[in-house]
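For reference, the structure is listed below as structure tokens.
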Amino acid sequence: MTPFILIRPEPACTATQQAAYDMGLAAHAFPMFQIIPQSYAAPDPGTIDALVLGSANALRHFGPAIDQYRNKPAYAVGETTANAARASGLNIIATGNGGLQNLLPLIHPDHRRLLRVTGANHVPLTPPPHISITTVIAYASQPLAMPPALAQLLQSGAVIALHSAEAARHFAAECTRLHIPRNLHSLITLGPRISAAAATGWAALHHSETPTDKALLALAGQLCQTLPFPDQGIVFL
């Protein structure tokens, strides 16, 4: 079976690797991002009605400050983030499917003052006029050079899975820097915005039906069986 290569930052890389194993897919990890905690000032909990969360990393690097908001309502971008929020003592009101902007119509009318805990590179939100959003940057994602072993592997055709627009741009830039031919490789992404960030020149470009790891792994599983490249890898960002 076609092997998987994962290059997401840790600990997400290991989590996706395990999910791939559970599906019967061979997986090898090459993280190409490092998560760096950032200094921040947490707002007074009395000024916050609810939290909006775009990743489990946000909670992980919010650290002890999360205790100040225990039992506060929270809105999560997906189920993984929702589970992390529940474990931190937050009360999940709604879970999205397709980005934080799509969550905003689900905000309860009483939740006018939102706290968004996020990374340094994040998608801007446009809230309704009656909602204000305070943003706390809890972490940054630092891109890393492509490991030599991965660059060598990519001298032949592979499938690369991209979890973010930042990852798409970085992977494409590293391929250019290392003179790795784009037309050898097919990309799978979590959505059209990420696909657009990867630009052009690839052998093929697909996005999953829903922006979840489960859907992306299902797509990868199909491609492992159907790709014409013998003994090649699927690369995850």
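Observations on the model:
- 11 Å beta-carbon shell around Ala29, net charge (K/R +1, D/E -1): 0
- Here Tyr21 and Ala94 are evaluated by their C-beta separation; at R0 = 41 Å the FRET efficiency comes out at 0.85.
- Rounded if a/c under 1.5, otherwise prolate or oblate - segment 37-93, Cα gyration tensor axes: oblate
- Extreme residue, positive dipole direction of segment 94-223, given options Pro129, Ile180, Ser156 (C-beta unit charges): Pro129
- Share of Cα-Cα pairs in segment 17-148 lying beyond 17 Å, as whole percent: 61
- Here segment 1-108 exposes an accessible surface that is 52 percent carbon and sulfur, computed with a 1.4 Å probe and the other protein chains kept in place.
- Residue-count net charge about Gly46 - beta-carbon cut-off 12 Å; Lys, Arg +1, Asp, Glu -1: 0
- Annotation note: trypsin sites (Lys or Arg not before Pro) in segment 1-102 located in DSSP loop regions with a Cβ neighbour count of at most 14 within 10 Å are Arg70.
- Under Stokes-Einstein, with the Kirkwood radius over Cα pairs as Rh, the value for the chain at 37 °C and 0.692 mPa s is 176 µm²/s.
- Alpha-carbon Rg with Dmax, taken over segment 79-159, Å: 18.0, 55
- Entry note, the chain: the mean residue ellipticity at 222 nm calculated from DSSP H runs of n ≥ 4, each adding -39500 (n - 2.57), is -8000 deg cm²/dmol after division by the residues and rounding to the nearest 500.
- Accessible area of Ser88 in the full protein assembly, 1.4 Å probe (Å², nearest 10): 20
- Cα-only Debye scattering, segment 163-212: base-10 log of I(q)/I(0) at q = 0.33 Å⁻¹: -1.32
- Largest GNM mean-square fluctuation among Pro64, Pro37, Pro192, using the chain with Cα springs under 10 Å: Pro64.
- Span from the segment 71-126 Cα centroid across to the segment 1-40 one, whole angstrom: 24
- Å² per residue, accessible surface of the chain at 1.4 Å: 46
The values are calculated or read from the model by the stated rules, or taken from the named source; none is laboratory data. Quick caveat, the model's predicted, so the values are computed rather than measured. For neighbour counting, all protein chains shown are included, and Cβ atoms are generated from backbone atoms with ideal geometry for every residue, glycine included. Quick note on the areas: whole protein, heavy atoms, side chains included, nothing else; ligands and nucleic acids left out. Shrake-Rupley method; radii C 1.70, N 1.55, O 1.52, S 1.80 Å.
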